[in-house]
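For reference, the structure discussed in these notes is given below.
Bear in mind that the values in this text are calculations on the coordinates, not laboratory data. Just so we're clear, the structure is a prediction, and the values are computed from it rather than from any experiment. FYI the Cβ positions are ideal-geometry reconstructions off the backbone, even for glycines, and counts take in every protein chain you see.
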Amino acid sequence: MKTRKLYNRVSLLRQEIGMSRKELAEKIGVNFQTVGYLEREEYNPSLDLAFRISEVLDKPVNFIFSAEPMKSLSDIAFEKMKNGRTK
């Protein structure tokens with residue numbers, strides 16, 4: 001069975017909280033280069049690693065990772081604003 005590509009927001013969410021790749025790597029127990037591979041979508045995390053990332057970034061796994069290309073957060077915010085849902 002062919003492994004499918006996973007898309008993610010790891011880089012965006014990590015930068016949003018002011019965390020370096022090295023800091024994230026230390027918190028999730030991997031080499032900082034692994035974080036780079038994840039962010040460039042060259043490597044799919046194990047389920048355990050995805051949950052560790054989710055815990056550190058304090059976001060649900062399905063908000064960070066997806067089997068489908070993800071909309072940008074600005075597009076999501078714009079759609080909510082357009083539909084009158086600003087909260």
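Please arrange Leu38, Leu13, Leu6, Leu73 by how many other C-beta atoms lie within 10 Å of their C-beta, fewest to most.
Values: Leu38 27, Leu13 20, Leu6 16, Leu73 13.
Listing Leu38, Leu13, Leu6, Leu73 from fewest to most nearby Cβ atoms yields Leu73, Leu6, Leu13, Leu38.
Taking the radius of gyration and the Kirkwood hydrodynamic radius from Cα positions alone, what is the Rg/Rh ratio for the chain, to two decimal places? Could you put the intermediate results ahead of the total?
On the way: Rg = 14.0 Å, Rh = 13.8 Å.
Radius of gyration over Kirkwood radius for the chain works out to 1.01.
Zone of Glu42 (label point 7 Å along Cα→Cβ, backbone N under 14 Å): which residues in region 7-33?
32-33
Pulled fully out, how much extra length does the chain show between Phe32 and Phe51, if you take 0.36 nm times their separation in residues and subtract their Cα-Cα distance? Could you put the intermediate results ahead of the total?
On the way: separation 19, 0.36 × 19 = 6.84 nm, distance 1.72 nm.
The span from Phe32 to Phe51 would gain 5.1 nm if fully extended.
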